[in-house]
Every structure is written in structure tokens, then in C-alpha cells.
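Trainee: My questions will all concern the structure given below.
Bear in mind these aren't lab numbers, they're just calculated from the coordinates by the rules spelled out. Since the structure is predicted, the reported quantities are computational estimates derived from the model, not experimental observations. Cβ: placed from backbone, ideal geometry, glycine included. Neighbour counts: every protein chain shown.
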């Protein structure tokens, strides 16, 4: 369980649970967490900076051998010295581009598929595309929970999916969307 | 005119979203301009570029105004040629607009103040910035800072553990300085009167200002705390025009005050932090504020007025002048309080002209220094500030804003003015007269029987315990002050902290700098404290020495001949044999920080602006090497 968990809400889907928390997604103990990556897979600032500092140079070194990725694609790397085991770098839509919902859906599906391939049982997502990339928290919540729910209703090795947000507006958006699931 | 032109998705979104941003204030400003030219003379960019009309506020405003006219105003539909209505079509159009709204204006609002029609150009310039940011058209530096603040909660990407570690470090420094182990920098303490929020620059580049504030709170006997999260009072949303970021950042602060049940939020000295937290944030966050908010300038002034702290102005004897931050002064009316405080803690204050609401921008613009591509223009416009500063004859310029500290330092360095920059918190802390306290070390108390007969002495456990600090009036009556050896702390508290006590024996340090004087200074100070020093004058030499000598620390100048220092830094970081190497950037060119901090490798462990004094150098080296242990 995340050490700094402040508030949470959960959703049971078959044998899996979806948990909403407010925390730093790069600093929790999970099998893997998702980083909303750039096309060139440069870690950059924000969570990318946290990964580079806490995880060490090996993460970027590994990424330098992959990419560039197109929108919707994802790739896995080791997580260096981070608490997580793996990082799934997923390139989602950004900044008011066309068909945000469709592209986000594809990104989510590819990410979950990759998590299954790697045998991940505890997976953490940020609020995909919300915040810096400008996707409205309500849109992010709707698409993410739709995809996660339908995925967990099928065959899966995921026992827990954590949605790890960083502010109240995001938390409120996901909480209210979860209430309607 | 442009019937069949294809408009890009981003341009389409900019126009569409403009309609959502228009309010009475913005529409009023977009329609009221009569192009009288009054704004022209008030803009420091124009004054520094007299032959270039593209810097005139009215000209810059027209770049935005034409969109409004074309898409949202009836005049643009009826007589577009008359009102110069026009649109944006391509990404190149947006890039051009970006260079105007980010690169040719600091949003200082001096033109607003001087407009007879009340046109608030800075407000709709900020709107335009926000529209561009929303479609991802923004300077690289703006993108980096925005992402850091969105995702990590502060503008400089400071990680929580580093923030908390810095607070602990400053607490220890303060305890050493005051010889008082009870001095604390409390974190997440509930039910305090004050929650103190700071600028991340204080953690990263100026931790001494945190210690100075803590010293003042301690001396005032304040019930205070710092938050573990929601501690960044700055808000890049004010600069970038991103209202959603503005709301998110402000909300994190407000929610933390409520969670800790503090009754007052005190904002450390920062112009855009004060404006965004106290004035704009409640609107961005749609938040009803159930607590008080004030600048630390008012807090310090109140402490003196109420007699909660005592200051001795004879400790600050240099000739000082004051620079009004645009956000503090022009936008928030904080004019007289800093001057009153300054006169209480300094002997020689010389006013700068013009001042208060008419003062000129430092060029920092509450975030402009993040955009290195505009640095030459920014520094050119700084000639106005440089002339103002020179005219005062001051040795020190004081300001209540961290952005202004960086902006002024940059201008002073560029124009070789040799003026020191500081803040009120530093001057107040320096002038502080700490209440006398008595320390009664046990080893000096025993043997008790030598002082007074045993039967007259209270049991040993009632005598002051080891190193406990006790106010004079609380010393047990049985211990006669004149009979017990006592050590009086305070009064003449040395300004220099205990860095001198540090030994660097056994440490290997590479000093890399192309200025021989600077190398000699750094090397001498570090050698005097026991370190073994190797000197490098280029990036390649630094690289070679680092690989050969495997030093504990490398001090790195950012501007040296030969190989790009950013590249050198990245090579050092990527060398598996140098994983333990600590790096401290020491630079006179803060705009070059981008060379290092934008790289996706572990950032340097330390950073110092030149000129560096011995105390700061040793404090930082000590901090870095303690981390290494």
C-alpha cells in the first residue's frame, strides 16, 4: 500500500480491484506504473524528472534504445532504483489534438496489453493526459475507467489497478466517474 | 480575403478557446485602445529599443486584438479592413504570436498604469499565452516548468525528500548558529497560527532564506509550521496564462492550510507568488478562503511593531536601495510596508527613481528567465533597470521577490554594476537581537557541593539537564547565577554559521572554471579545509580529471571554452564509473542552467550563483558531501 495514501475509493470488478488514491505515481510500490511519455521517449521534466532522479540513469539509457513512438503506442523499461519494478511508457494524445478520446482509448488498451504480457499484477496509472497535457479530468476519468473496467471483466492477471492522481479536481472527477460505474 | 484558406487544428482551437476567455475586462481592453502612444514611453523594452516599433505595447496588443476583431467583434465582420481584423492560420502564425507574447513583454503592467484608456495589455497578453499553451505552442522553458509544477507540485521539480532534507539541514544549521537545540523548523504540525509557504528557489538555490525566516519565527515565539506538501507558493499559471494550472497549484496550498488547521498562510517574499496565492488564486481555484493570507514582509513588520522581535539596524550599515517587484507593488499595492521595514533594519536607505507603481521591471517577469531563447533581448531591455540602479549609488539592492533577485542579479552581472542583491528576510535576520538565554552545561554545574552546601541544593534531576536552554527567569532559584558558571548565548550571535568547523580532509575535489581568479579562490578555500584539489579550465579537462581521479565532488562552471558544458555534464552522469560523483554548479550565467537542468540525467547535487563567498561555498559543499556519506 502507498505510504502517503490520503484518501481512497475502490471499485471491485470481478476478482480485481480499482483503487483511487492521491499520491506521487513515481514513488509507490507496485509491479509497474505508467508514465505519460513523449514521442522521443526523453523523460523530460515533471514525473519524467522524478523518474530520472529517483530511478537513476539506467532508465533513460534503456529508453534510448527504443522509440520514437507514435501516439497510442507504449513500451516497457526497468524502473532502476524506484520502488516499482517496471515503467510502462505510453504516448497518449495531448494539447487539444483531434480525436482525443479515441487516441486515449487506444493508448490505454495498448498499455494494459503490455502489462498483461509482462505479468504485472499491481499496476498504477496517473490521470492519463490530465494536467499538463490539457485533457479534462472528466474526459480522462471516463475513458480510463471504461477501458479498465472492460479489460478487467475479461481474462486478466491484474489483481489491482491504482489510479494515482495529484490534485483534488482530478480526484473528484475520478471519484464521481467511479460512482457511476 | 482568406475564403479557402485551410486553418490548422491548433489555430482553430486557439480561436475557439479565445471565445471562452473573453470577459468584460479583456473585451474592454481589446476595444478601448486609441493608439495614442502613451504606453510606448512606459515600456522598458521600447526604451531599450527606441528604433523598433514592434516592442510598443499597442503594436504587440494589435497582434492579439486583430483575432478578437475578426472572430468576436462586429466591427471585424462589417469593416475588417478598417479595424485591421485578421486571423491565425498556420503553426508559423502561432509561433510568431508566441515570440510576441512571451518574448517581448514581461507582463509587468507598467503600460497598463500609464494608459489613459485603461487598457490592461498584460491581462490579455496573459490570455494569449494561455491560449497558445493550451495547444502546446510554448517556449521550451515554459513547458519544462509547467510540467514540473503540474506533476510534482513545484516549479523547479524539487522532490519531496529533497525538500524535507533541506528543511532538516537548515534546522541543524540554525541550531548550531544559535547554540540552541530547541530551535526547530516544524513540518506538518497541526493547529499552528502560521503555515509558512516558500518559493522552490529557496530550496534549490537559496536555503539560507529558509533558515533566516525560521530564525525570525523562533525569535518571535510564533506557533508555526511548514507543510510537507502544498508548500510552493509560486504559481507558474500566472506567467503561462494557464488558469487550470493556477487553480490546481493554489488549491494544493489552500487545502494544506485547512488540513493543518492553521489560521494564517504566510507567503515568503515572492512577487508573483504573493499575487497568485493571495489575489488571483481564489478565483482560479474557485475557492472560499477561510483563513488569513499575508506576505512575510507584513509578518516581520508586525513582529517588530508588536515588540515580538527586536532588531538592531546598526548591523546593516551598507547603502541599500529598494526594488519594487511589479507583482507585489503595481499589481497588489505593497508599497509602504517594505520601506517601513527596511528603515527599521537598515541604517542607510536610498530610494530608487522612479519607484513604487512606476518602478521598472527587473526583466524577470515572474518567469521570463525560464526562456533562454529570449535572454539577449531581455538583457538588452535591462539597460533601463541598470541605469536606475547605477543612479542610486547603492551597494545593495533589496527586493521582496525571488524572481527579482534572479532578474536583478542577471542585469547587474551583465552591466557589471557590482551591486549585491538581497531580500528583507536576510536583513531582518541579520539585524535580529535574540533574547538572551542561559545555557547551563551539566559538566560545569557539578560538582554541586563546591557551589553551595548539598543540603541547600535541590536534587540533581531538578537542576538544569544537559545542554538544556532555559530563559533567565526560569533558572531554578537554587542555582545562583553569579555562583554557577554560565554561558550566555545570543546577543552577539555570530553571523557566520559553523561551516568553519567542517573538515574536508580526505576529500578529493575537482574545481572546473576558466577564470583563474575563481579557480584560485575556490581551490584555496577548499584546500584550507583539508580537501585535495585538482584544477580544470575546460570541460574536457574536467572530464579527464574526473575519470582519472574519481573525486568526491566536481564544481562546475557552466561557461568554459571547448566542449559544451551541458554535454560534459551528461557524459559525467552517464559514466558508470562516476556514479558516486557529486556535482555543484557554480556559475555567473544563471540563464545557462537550462544546459544542465533540462537534460534527462540526474541533476547536480548543488548550485551556487557567482559571486560565491566562503561561507556559502563551505555550507553547500558540506551539504553535498554529507549526502554522499
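Trainee: Using 7 Å Cα-to-Cβ label points, what is the residue B:22/residue B:395 separation (nm, one decimal)?
Mentor: Distance between the two pseudo-spin positions: 5.7 nm.
Trainee: Oh, and also: Find how many whole Å separate the alpha carbon centroid of the stretch A:59-93 from the alpha carbon centroid of the stretch A:16-30.
Mentor: That distance is 18 Å.
Trainee: Still on this model: Taking 0.36 nm per residue of separation and subtracting the Cα-Cα distance, what length does fully extending residue B:549 through residue B:315 add? Could you put the intermediate results ahead of the total?
Mentor: On the way: separation 234, 0.36 × 234 = 84.24 nm, distance 4.43 nm.
Extra length available between residue B:549 and residue B:315 comes to 79.8 nm.
Trainee: Got a sec? How would A:10, A:71, B:100, A:111 order by Cβ neighbour count within 10 Å, fewest to most?
Mentor: Placing the least packed residue first, the sequence is A:10, A:71, B:100, A:111.
Trainee: May I ask you to derive the FRET efficiency for residue A:15 and residue A:176 from their Cβ-Cβ distance with R0 = 25 Å, giving the value to the nearest 0.05?
Mentor: 0.50
Trainee: Take the alpha carbon gyration tensor of the stretch A:123-181, find the square roots of its eigenvalues, order them as a ≥ b ≥ c, and report rounded if a/c is under 1.5; if not, report prolate when a/b exceeds b/c, else oblate. Please report the intermediate quantities before stating the final value.
Mentor: Details: a/c = 1.99, a/b = 1.70, b/c = 1.17.
Here the stretch A:123-181 falls in the prolate category.
Trainee: Run the simple label-point estimate for residue B:47 and residue A:150 please: 7 Å along Cα→C-beta, distance reported in nm.
Mentor: Simple spin-label model gives 6.2 nm for this pair.
Trainee: Follow-up question, since we're still on this one. Rg (Å, one decimal) plus Dmax (Å, integer) for the alpha carbons of the stretch B:9-138?
Mentor: Just the Cα atoms of the stretch B:9-138 yield Rg and Dmax of 13.9, 38 Å.
Trainee: Per DSSP H run of at least 4 residues, take -39500 (n - 2.57); add these up for chain A, divide by its residues and hand me the 222 nm value, nearest 500 deg cm²/dmol.
Mentor: Here the helix-only value at 222 nm equals -10500 deg cm²/dmol.
Trainee: Turning to a different aspect of this structure: How far is helix B:539-549 tilted off the main Cα axis of chain B, in degrees rounded to 10, range 0 to 90?
Mentor: Around 30 degrees separate the two axes.
Trainee: Also, I was wondering about something else. For helix B:243-260, what angle does its Cα long axis make with the longest principal axis of chain B, in degrees from 0 to 90 and rounded to 10?
Mentor: Here the helix axis deviates by roughly 30 degrees.
Trainee: Give the order of B:624, B:216 when sorted by the count of other beta carbons within 10 angstrom, beginning with the fewest.
Mentor: So the ranking, lowest neighbour count to highest, is B:624, B:216.
Trainee: Using a Debye calculation, one point per C-alpha and no hydration shell, please list log10 I(q)/I(0) for the stretch B:310-432 at q = 0.17, 0.19 Å⁻¹ in order.
Mentor: At q = 0.17, 0.19 Å⁻¹ the computed log10 ratios are -0.80, -0.99.
Trainee: Any chance you could check the Cα centroid distance between the stretch B:166-213 and the stretch B:129-151 for me, in angstrom?
Mentor: 31 Å
Trainee: Across all directions of projection, what mean area in square nanometres is found for the Cα convex hull of chain A?
Mentor: Computed as one quarter of the Cα hull surface, the answer is 9.0 nm².
Trainee: Which percent, nearest 5, of DSSP beta bridges in the protein assembly as shown are antiparallel?
Mentor: Roughly 25 percent of the beta bridges in the protein assembly as shown run antiparallel, per DSSP.
Trainee: Evaluate peptide B:241-253: per residue, the Cβ atoms of other protein chains within 10 Å of its Cβ; return the mean as an integer.
Mentor: 2
Trainee: Based on other C-beta atoms within 10 Å, arrange A:112, B:47 from fewest to most. Show your work: numbers first, answer last.
Mentor: Working: A:112 25, B:47 16.
With the sparsest Cβ surroundings first, the list reads B:47, A:112.
Trainee: I want to check the label-to-label distance for residue B:387 and residue B:191. Put each point 7 Å from Cα in the C-beta direction and report it in nm to one decimal.
Mentor: 5.9 nm
Trainee: Wrap a convex hull around the Cα atoms of the stretch B:150-305, take a quarter of its surface area, and give that in square nanometres. Provide the component values of the computation, followed by the final result.
Mentor: On the way: hull surface 34.1 nm².
Approximately 8.5 nm², given one-decimal rounding.
Trainee: Moving on to the next point. Which angle from 0 to 90°, rounded to the nearest 10, does the C-alpha axis of helix B:565-574 make with the longest principal axis of chain B?
Mentor: So the helix axis and the longest Cα principal axis differ by about 60 degrees.
Trainee: Now for a different question. Report, as an integer, the average count of C-beta atoms from other chains found within 10 Å of each Cβ along B:149-158.
Mentor: 5
Trainee: Would you work out the Kirkwood radius for the protein assembly as shown? I mean one over the mean of 1/r across all pairs of different Cα atoms, in Å.
Mentor: Working: mean 1/r = 0.0348 Å⁻¹.
Averaging 1/r across every pair of different Cα atoms and inverting gives 28.7 Å.
Trainee: Counting each DSSP H run of 4 or more residues in chain B as -39500 (n - 2.57), what helix-only mean residue ellipticity at 222 nm follows after dividing by all residues, to the nearest 500 deg cm²/dmol?
Mentor: Helix contribution divided over all residues of chain B: -13000 deg cm²/dmol.
Trainee: Ok, one more. Rounded, prolate or oblate: which one fits chain B, using the alpha carbon gyration tensor with axes a ≥ b ≥ c (rounded when a/c is under 1.5, else prolate when a/b beats b/c, else oblate)?
Mentor: Values: a/c = 2.16, a/b = 1.61, b/c = 1.34.
Cα axes put chain B in the prolate bin.
Trainee: Between rounded, prolate and oblate, where does the stretch B:499-628 land on the alpha carbon gyration tensor, with a ≥ b ≥ c its root eigenvalues, rounded for a/c under 1.5, else prolate if a/b exceeds b/c? Provide the component values of the computation, followed by the final result.
Mentor: On the way: a/c = 1.45, a/b = 1.28, b/c = 1.13.
Taking the square roots of the gyration eigenvalues as a ≥ b ≥ c, the stretch B:499-628 is rounded.
Trainee: Now a separate question. Per 0.36 nm of contour for each residue apart, how much would the distance between residue B:540 and residue B:78 grow if the chain were fully extended, relative to their Cα-Cα spacing? Write out the running numbers ahead of the final one.
Mentor: Details: separation 462, 0.36 × 462 = 166.32 nm, distance 6.49 nm.
Extra length available between residue B:540 and residue B:78 comes to 159.8 nm.
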